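Notes follow once the structure below has been shown.
The values are calculated or read from the model by the stated rules, or taken from the named source; none is laboratory data. All figures in this text were calculated on a predicted structure; none of them were measured in a lab. The accessibility values were calculated without ligands, DNA or RNA, using every heavy atom of the protein model including side chains. Shrake-Rupley method; radii C 1.70, N 1.55, O 1.52, S 1.80 Å.
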Amino acid sequence: AVDLGALVEELVEIFEFVVEDAGKTLIHSIAAPTMVQGDRQMIIQALANMIQNALVHGGDRVELFTNGTEIGVADNGPGVDPADYDEILKPMVRLEASRTTEGSGLGLALVRAVADRHAAKLGLAPNTPSGLRISLNFAKM
């Protein structure tokens with residue numbers, strides 16, 4: 001059993017200084033957190049990859065959130081065209097706009113693998129007013 005609220009709080013402590021060192025702000029929101037069944041370390045790795053993606057491709061704000069059985073990361077960067085969502089989840093794929101930034105194209109592919117392993121729904125959506133929102137939505141225990 002993994003407590004998503006406690007996990008967000010722990011991840012904020014771990015990544016707060018990393019995000020600040022990158023000149024960005026980490027915010028978090030915890031709404032109605034719940035327990036889900038899963039491999040805690042794999043979920044942490046998936047969220048670390050989401051945070052890294054937001055640091056490299058997002059704007060100046062990274063949000064770590066949980067709401068019920070959903071947990072994820074949102075940023076306020078330029079976002080990704082929804083037509084490219086399937087592409088950015090493939091291993092070794094980098095969109096043209098990200099070819100000049102660091103990374104191997106494996107981060108979000110790993111997030112997808114963690115979602116598949118946990119039978120969680122992987123969600124990608126535009127963030128309001130700009131950016132990308134990536135989340136894992138787990139089944140209730």
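Tabulated values for the structure
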read-out: Accessible area (Å², 1.4 Å probe, nearest 10) - residue 34; value: 50
read-out: 0 to 90° range, to nearest 10: angle between helix 40-57 axis and the chain longest Cα axis; value: 30
read-out: With Cα atoms, 0 to 90° folded angle of helix 4-21 axis to the chain main axis; value: 30
read-out: For the chain, convex hull of alpha carbons as volume per residue, Å³; value: 96
read-out: Tilt relative to the chain, helix 107-117 - C-alpha long axis, 0 to 90 degrees, to 10; value: 30
